[in-house]
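Nothing in this text is a laboratory measurement; each read-out follows from the coordinates by a stated rule. Not measured: the values here are computed from a predicted model. Reconstructed Cβ throughout: ideal geometry from the backbone, glycine too, with neighbour counts over all protein chains shown.
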Amino acid sequence: STVVLVFQAPTLKSMTSTDPSEFQFCIKQGDRVRVGEALGRWND
Amino acid sequence: RSFIKKLTSTSRTGASFTGGGGGDSQGNTFLISGATAATLLMLGALHARRIYEDKKVEEAREKGIEIEFQPDVKASFMRLLPLRSISRIWGSLTSVDLPVWLRPYVYRAWARAFHSNLEEVARPLDEYVSLREFFAHDLKEGSRPVDPDPRCLASPVDGTIVRFGELNGTGAMIEQVKGFSYSVYSLLGSSSLLPMVTEGNMHEENSDQDSTFRENKKKSWWRISLALPKVRDSASACPMKGLYYCVIYLRPGDYHRIHSPVDWNILVRRHFAGRLFPVNERATRTIRNLYIENERVVLEGLWQEGFMAVAAIGATNIGSIELFIEPQLRTNRPRKKLLHSEPPEERVYDPEGVGVSLKKGDEVAAFNMG
């Protein structure tokens, strides 16, 4: 079985930045994750 | 047929001349043993080849080489199999009540084969009456601490990260495997509340710099989505900036319950009664449209940052999805129509209110065998 998450997350207000988003995944392809562990974070 | 006729006539002849215990019947025994041995040999060779190929894939991945989409004959053959019936039979077999003395042996064997951690299981093993019940077991209190950071998105399941990234570009495509992608609309449904903008409005959307404006836009998107869910042209639309996806695969030995990734309100549930292909690593690189053809339940709603959707996709062995927020929902039902492209069955939770509210870490659903 598989679960797919699709979600909206915070983005930077300034478009001059090279990184278009404030949200960052903290995982890699092939990583094992468990319920409750962070998939990504963002700055306030 | 001629082979069987010949075999039968030879057997009769042998029986009439030798009284059924002569040299010919002995010859038939050898013939059948030979056929059985050949079949076993062939199955063994196929299995060895598969192990070899999987090892090659694993080695390539370790070297950083990404495996491309490679449809094969076996994948085409899968389409001919009655996978739904197989799944339902598997479900019936695993629902059989086991004798109390046998339960720990069966569940330990399962755990050993699929690397499950029995120390986390909430109840003593002999209290799970069947393998199916054991498979969907709950966990001991505190086994899965939820990240307390309010600015993090938690994993809803135990599993392996298959793909993740940001949705952008026309059609909002998710990569199944290198060389093959599918539209997020095909996954979530054409009436999805996914926030999209038409290409003409992209500049306006990209120049969104003010947070107040962003909040207002979010609200107006929501009003438009609810009022006119099917008016938008998804083919020429692009996803709004800041839309992400993450695909997580659950192995047979993993804990199979789905939890809430954030605090959110579930507004819509969609059930797609599709096929039930396997969804393992091999299937993702050989079966086209795997996730959008398989049976699945999609939950859509809102959280503090906007849109949120969780799609639970079934497979041959784990074909049914149980929703704790809607226990009456039944999935993996016998198919009445031959067509696999039926529209999804949709339910809006509390259309006048805020839907079903869930906290981060709350149990939402479970995958069941068969």
Cα gyration tensor, the range B:262-370 - rounded (a/c under 1.5), prolate or oblate: prolate
In the range B:41-113, trypsin sites (Lys or Arg not before Pro) in a DSSP loop with at most 15 other beta-carbon atoms within 10 Å: B:63, B:79
Span from the the range B:86-105 Cα centroid across to the the range B:108-174 one, whole angstrom: 21 Å
Distance (nanometres) between label positions extended 7 Å along Cα→Cβ at residue B:53 and residue B:181: 2.7 nm
Per-pair calculated FRET efficiency, R0 = 30 Å: residue B:143 and residue A:29 via Cβ, rounded to 0.05: 0.70
Cα-Cα over 31 Å, subset of B:178/B:359; A:28/B:360; B:56/B:140; A:28/B:55: B:178/B:359; B:56/B:140
